[in-house]
């Protein structure tokens, strides 16, 4: 069985990851800060932009693949995938060193959480149905 829907959104999310990785790498080169944040708010923010993505997205891609392999509805998968891509772009743009709450951060966090819940529940329902 193939998982073309998951492959599509995983590829789009890889592009976002490459951008986040490049941003922190270039900032580290510019500031000479190799490890941790060196007391720089901007390095700390870039680290969290990258880190937050790395903490959430891999499991979501795995969940999406599980749901797709188990016959998940393609429309459901496309909606969740699109929401996830939009939210994972919005979230890092909304992180700001001096403001806790910004609209893009809220959209990114809520959308990512809703995607996680939706995929988790769908995987759970598929698992229960298979018993």
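What to note about this one:
- Residue 17 satisfies every condition listed in (1) touching a helix residue (DSSP H, G or I) at 6+ places or on another chain (Cβ under 7 Å); (2) modelled with pLDDT of 95 or more; (3) more than 27 Å from residue 1 (Cβ to Cβ) except (3).
- Check on residue 105, part of a helix (DSSP H, G or I) and in contact with a strand residue (DSSP E or B) (Cβ under 9 Å, 6 or more places away or on another chain): yes
- So residue 56, is it closer than 22 Å to residue 4 by Cα, touching a helix residue (DSSP H, G or I) at 6+ places or on another chain (Cβ under 7 Å), loosely packed, with under 15 Cβ neighbours inside 10 Å and in contact (Cβ under 8 Å) with a residue 40 or more places away in the chain: no
- Single residue of the stretch 31-53 satisfying the filter (free of Cβ contacts under 8 Å to residues at least 12 places away in the same chain and within 21 Å of residue 100 (Cβ to Cβ)) that is surrounded by the fewest Cβ atoms within 10 Å (Cβ to Cβ): 39
- Every test in (1) over 22 Å from residue 24 (Cβ atoms); (2) at pLDDT 95 or above is passed by residue 86 save one, and that test is (1).
- Within the span defined as the stretch 22-30, every residue fails to be in a loop (DSSP other than H, G, I, E, B), without any contact (Cβ under 8 Å) to a residue 40 or more places away in the chain, over 22 Å from the mean Cα position of the chain (by Cα) and surrounded by fewer than 16 Cβ atoms within 10 Å (Cβ to Cβ).
- Those residues of the stretch 59-82 which are assigned to a helix (DSSP H, G or I) and buried (at least 17 other Cβ atoms within 10 Å of the Cβ), in sequence order: 60, 61, 63, 64, 65, 66, 67, 68, 77, 80, 81
The values are calculated or read from the model by the stated rules, or taken from the named source; none is laboratory data. Just so it is clear, the structure is predicted and the values come from calculations on it, not from any experiment. Glycine also receives a Cβ, built like all others from the backbone with ideal geometry; neighbour counts cover every protein chain displayed.
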